[in-house]
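What follows is a short report on a single structure.
The values are calculated or read from the model by the stated rules, or taken from the named source; none is laboratory data. What you are looking at is a predicted structure, and each value in this text was computed from that prediction instead of being measured. Cβ sites come from the backbone with ideal geometry, for glycine too, and all protein chains shown count toward neighbours.
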Amino acid sequence: MSKTRNKLLLRFDRALSNSFWKQIGILIGILLVSLLLSYLFLSFSGCEWRQFCHDNGLKTWLLPIYLLIDTNALNRLYMGGNVTGWMLIASILTYLCGLLIFNGMLVGVITNAIVDRVESHRNGLNHYLKSGHHIIMGYDEMVPSIIEDIFSKDKEAYILLLSAYDAKKINEKLKKSVAKKQLDQIIVNYGQRTASEYYNEIHLESAKEIYIVGKRSLPSHDATNIECVDSVSSYLKDHVSEQMPKRIICVFEDLDTYAAFKTTEIFDNVRALNIEFIPYNFYTGWAHQVFINRSYKEKNDPLIPISYPRIYDKGIGPKDSRYMHLVFVGTTYFSVSFAMEAAHMFHFPNFNEGTKKPKTRITFIDQNMDKEMQLFLTRNRHFFEVQSYLYQDLTSISASHPQQASKSDYLDVEFEFIKGDVYSEVVQNLLTSWAKDIDHQYLSIFLAIADQRNNFMMGMNMPDEVYDNAVPVFIRQDHADNLVTNLRKADDKDFDYNIVEDGKLKTTKRKGRYANLYPFGMEDMAYCSNETSMKRAKLINYLYNTADYSTYRFAELSVLDETPSETLWADAERYWQELTVALKWSNLYCAFNIPCKMASLRAMRGLKPDDKSHDRDPLSEAEIQTLAAVEHNRWNVEKLLMGFRKPKPEEDKYGFPDYKGSLKNNKKLFIHHDIRPFSDLDNVKLLDREIVKYTPWILKMTGID
């Protein structure tokens, strides 16, 4: 009996706590029981209550209800003086039941319902959005920047943030970084991003786009996000709608995981739903902000973007003897991802295939370089099968400075690894010599070790020559950019610089010490989509899809101009959806390189770096030929860094022209026969000419940066 009673109590308590309507249902049940008791009290009282009703003009069925629901009913009966005996007792009992229900329980239920509704809202348990919203799954410090990016494209957007963390705390964090007006358009809901039972409530199938973020600091972050993508794709497969999400953006923390999803068709199930899958990496995203967008937004005033400098200065033309030199202190995720993206993007027309100089140089400085170098070489083994690297051990005066034996070395990018302490005299002297070598290199320094305090300290204490020669120094910071930004602002103005020359005082203008310090890597300013580059990549792919491969020519410009814009973009989107992941990234890297290519073209034309007035002008034959070689140099590096390798002698179509068609199929196994110097290519080099020639058309279709 006790066990049964406990089960009944459990069900009763759950009903009371789980639903407002269950509470109302229980209240109605009590009301019906009380109404029945009211009839019974009056019926068994022995009094003439029906006669009483007749004398007072009341319906007999109304009196029990009247006594039950009207708190003044008994008082009115007393005043009439007609209530006596058992009828008085029955009336009092009925009245007390009504008092309990309506003055006690009903008020309590309504009050509790309001409190529960408010608490449910605060805890993210109420659901409001049904379609056309943006969904962010998981909460991380980079989420405010994703929200800002969404609102920058659509001020009227509604955003649903799904997280298993405390919704109240998330809302408090958002208040610090999101405008009050925009907060009204953000709904925080509780839920596990990998649990499909939450997807119905947030209407996953009718969202505009889905961001799978998670919490990057957790060791299982990438694995959980992969599980989430599988859960989302399975759910969408079973809930196909007319308003399916256009794309899924998934954040990966580990660089190797991120690299794998650039070349692997692991999420073919997403593409089968006609949904674009985009992997995103925090560190690579910051590289794009620094190198492509060249801007960041100050935390205190996010409406005003602050520009990063162009690290190749005014642009590098064919006759420029200088090379671009990027120095990374530390071999963290930041420095490795920045170095990889720089190798993809920065290629210039002054590289001489005959002398193999000057090359873009990327230098790492680290005390633990032996281990870090081997890891880097292993990650990019096919690149270093072609290109030699430089190595120096500066940990002692007697240390040797070996250099790897030269290989074919036809790439225009080289890596240098220096073992040493950045604070040591020998490394400081090396930085000094580089900073003074302004006739031969465009130097930039990235302080990217894990400890932001050390980064700041290094930035404040560079050799004088670094500041005097306006070398841009990029300082990684965790959150706030204020200190570095304010230091630069204070020094970013002209000061009188006085020297005595030939016995006379000479005055010139010079910027302050810290005029070229720039912060990067702030977590809450991390996400930055590049819609322009995406559009350009789709157009590049469109050109290759509509090319005539018997002549290696793209469609005539006149034909492209006559094609309705809507038709062209629709076809470009269709071709893009049919593309493999590896080829999508190939087109994207080609698009990322366009700003650098245009800077070189302006330098070749004798224009100022920011003079974009002639960017849409047709290229001359000489310009096409020069930049076609640059494009192939870029392509060589791209393919090798993405995991392709050059063919072995027995795999090379150039060595066995009779089997050319069959050997070309090896590309599916990441063996590419065109990884070779530009001068050694067959007629396929005409495609490099075509993509350069059509760059003004791409700019016309997507806008000039």
If only one of I266, I249, I202 is under 21 Å from V581 (Cβ atoms), over 19 Å from the mean Cα position of the chain (by Cα) and of a type in the set (V, I, T), which one is it?
-> I266
Scan the range 371-390 residue by residue and report those that are of a type in the set (A, V, I, L, M, F, W, C), over 22 Å from G420 (Cα atoms) and surrounded by fewer than 19 Cβ atoms within 10 Å (Cβ to Cβ).
-> F384, V386
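If I filter the range 584-592 for residues that are in contact with a Leu (Cβ under 8 Å, 6 or more places away or on another chain), crowded, with 22+ Cβ neighbours inside 10 Å and within 18 Å of E690 (Cβ to Cβ), do I get at least one hit? Give the steps one after another, and end with the answer.
Filtering the range 584-592 down to residues in contact with a Leu (Cβ under 8 Å, 6 or more places away or on another chain) leaves 587.
Narrowing further to those that are crowded, with 22+ Cβ neighbours inside 10 Å: 587.
Pick out the ones that are also within 18 Å of E690 (Cβ to Cβ) and you get 587.
Yes, the range 584-592 contains a residue that is in contact with a Leu (Cβ under 8 Å, 6 or more places away or on another chain), crowded, with 22+ Cβ neighbours inside 10 Å and within 18 Å of E690 (Cβ to Cβ).
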Quick one: which residue in A547, A572 is farther than 27 Å from N293 by Cβ and at pLDDT 95 or above?
-> A547
Checked against (1) in a loop (DSSP other than H, G, I, E, B); (2) of a type in the set (G, A, S); (3) loosely packed, with under 14 Cβ neighbours inside 10 Å, G643 satisfies every condition except (3)
Going through the range 240-266 one residue at a time, which ones are in contact (Cβ under 8 Å) with a residue 60 or more places away in the chain and among the aromatic types (F, W, Y)?
-> F261
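Mind telling me which of the residues I675, I698 ends up being in contact with a helix residue (DSSP H, G or I) (Cβ under 8 Å, 6 or more places away or on another chain), over 30 Å from W569 (Cβ atoms) and in contact (Cβ under 8 Å) with a residue 60 or more places away in the chain? Spell out how you get there, then give the answer.
Numbers: I698 fails: over 30 Å from W569 (Cβ atoms).
Unique residue meeting the criteria: I675.
Residues checked against (1) hydroxyl-bearing (S, T, Y); (2) at pLDDT 85 or above; (3) surrounded by fewer than 21 Cβ atoms within 10 Å (Cβ to Cβ):
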site	(1), (2), (3)
F474	no, yes, no
H479	no, no, yes
K493	no, yes, yes
L505	no, yes, yes
M525	no, no, no
Inspect the range 665-683 for any residue being part of a helix (DSSP H, G or I), surrounded by fewer than 19 Cβ atoms within 10 Å (Cβ to Cβ), modelled with pLDDT of 90 or more and of a type in the set (D, E, K, R) and give the result as yes or no.
-> yes
When you look at F348, is it in contact (Cβ under 8 Å) with a residue 24 or more places away in the chain and either in a strand (DSSP E or B) or in contact with a strand residue (DSSP E or B) (Cβ under 6 Å, 6 or more places away or on another chain) (or both), yes or no?
-> no
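Condition test on K419, is it without any contact (Cβ under 8 Å) to a residue 60 or more places away in the chain, out of contact with any Gly (no Cβ under 6 Å at 6 or more places or on another chain) and buried (at least 20 other Cβ atoms within 10 Å of the Cβ)? I'd like the intermediate steps shown before the answer.
Working: without any contact (Cβ under 8 Å) to a residue 60 or more places away in the chain: yes; out of contact with any Gly (no Cβ under 6 Å at 6 or more places or on another chain): yes; buried (at least 20 other Cβ atoms within 10 Å of the Cβ): yes.
The answer is yes for K419.
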N293 passes all but one of the listed conditions (1) of a type outside the set (F, W, Y); (2) outside the structural domain of P144 (by TED's automatic domain parsing); (3) under 25 Å from F644 (Cβ atoms); the exception is number (3)
Within the range 613-652, work out how many residues are over 33 Å from the mean Cα position of the chain (by Cα) and of a type in the set (S, T, N, Q).
-> 3
Examine the range 144-155 for a residue that is in the same structural domain as S233 (by TED's automatic domain parsing), part of a loop (DSSP other than H, G, I, E, B) and charged (D, E, K, R), and state whether such a residue exists.
-> yes
If L686 passes every condition in (1) modelled with pLDDT of 95 or more; (2) of a type in the set (A, V, I, L, M); (3) under 30 Å from P309 (Cα atoms) but one, which one does it miss?
-> (3)
Within the range 385-394, which residues are farther than 19 Å from V327 by Cβ and either among the aliphatic types (A, V, I, L, M) or without any contact (Cβ under 8 Å) to a residue 24 or more places away in the chain (or both)?
-> V386
Please go through the range 305-336 and pick out each residue that is assigned to a strand (DSSP E or B) and aliphatic (A, V, I, L, M).
-> I306, M324, L326, V327, V329
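Tell me which helices (runs of 4 or more DSSP H) are completely within the range 190-279 and hold 3 or more residues being buried (at least 17 other Cβ atoms within 10 Å of the Cβ) and modelled with pLDDT of 90 or more, or say none if there are none.
Working: elements: 199-202, 221-238, 255-260, 268-271.
Ranges flagged: 221-238.
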